[in-house]
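Nothing in this text is a laboratory measurement; each read-out follows from the coordinates by a stated rule. Worth saying up front: this structure is predicted, and the values here are computed from it rather than measured. Positions of Cβ are generated from backbone atoms using ideal geometry, with glycine treated the same way; all protein chains shown enter the neighbour counts.
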Amino acid sequence: MTSDAPVEHPDGALVTGGSGRPTGSNLSDGATDSRPSTNRTEPGLTESGPDASVTAMSATASSGPGAAVTASSGPGPSSTSASATGAAGRAASGPRAATAWRVRPARPGDVRQIHALVRELADYEREPDAVKAAPEDFGAAFFNPHPRVHCHVVEVDGPGGPTVVGLAIWYVTFSTWRGRHGVWLEDLYVQPAYRRLGVGRALLTELATICADRGYARMEWWVLDWNEPAHRFYRGVGAEPQDDWTVWRVTDESLKALGSRPK
């Protein structure tokens with residue numbers, strides 16, 4: 001599912017993706033895509049607000065850097081961590097100002113929390129019954145020897161231990177016009193209580209870093225037309241809507257009919 005990217009907006013939820021949304025080409029690093037991936041605003045990625053919804057990157061995300069990006073209230077950030085007094089810290093206020101969190105590749109033990117976040121995203125996108133996937137489906141997709149889709153999560157430290165509160169799910173695409181790969185952000189979601197910590201932007205930054213390190217030409221996602229907070233957030237990070245493209249889709253029985261060979 002190609003979804004919209006999360007947006008860091010005070011009053012909105014960042015959401016991208018969803019089973020009802022159009023999706024980009026889900027290809028491995030060596031696959032090719034016939035058209036440049038198109039970006040159409042849909043309710044997901046930029047879905048409602050800055051960190052409201054963020055999609056997770058898979059733990060097997062061989063594309064992402066190995067080290068987790070962390071933020072905490074303590075001093076002394078390293079090259080892979082940021083102090084809470086930095087961007088993430090400034091975004092927080094009150095009790096959340098001291099919240100320690102990190103962006104890391106998803107792990108097999110995260111699948112139930114990932115599934116719960118995807119369901120929350122579906123509720124936000126007004127399609128509560130659209131999620132057909134089970135936690136095991138995410139486990140099979142993210143954690144196999146050669147995954148075609150990846151997930152990163154935001155983990156927050158709490159009284160009961162670390163909890164996954166946001167995610168970014170993505171895969172590699174290819175543009176025939178640019179002759180280079182790119183990243184399609186399928187889902188980006190952050191729970192409302194954690195949207196002002198800067199974690200939505202941190203997820204986007206992690207994916208953008210992967211693109212830069214690999215020489216990818218672009219990062220794209222869908223955003224719902226009505227998700228204005230997400231639109232504002234994404235424009236703020238330099239993204240632009242691609243209004244000249246219309247999404248076409250064939251699914252279910254139509255797909256079976258198209259794929260059946262005459263006997």
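Tabulated data
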{"read-out": "Extension gain (nm, one decimal) between Ala212 and Val247, 0.36 nm per residue minus Cα-Cα", "value": "9.9 nm"}
{"read-out": "In nm, spacing of pseudo-spin labels at Glu240 and Lys256 (7 Å Cα→C-beta vector)", "value": "4.4"}
{"read-out": "Backbone HN-Hα couplings from phi across segment 110-119 [Karplus 6.51/-1.76/1.60, Hz, Gly and Pro as x]", "value": "8, 4, 5, 5, 4, 4, 5, 5, 5, 5"}
{"read-out": "Relative packing of peptides 236-249, 119-132, 195-208, 136-149 - highest average C-beta neighbours within 10 Å first", "value": "195-208, 119-132, 136-149, 236-249"}
{"read-out": "Hypothetical label at Ala100: residues of segment 133-174 whose amide nitrogen lies under 16 Å (7 Å Cα-Cβ projection)", "value": "155-164"}
{"read-out": "Charge context of Asp110, other residues only, Cβ under 12 angstrom, K/R +1, D/E -1", "value": "+2"}
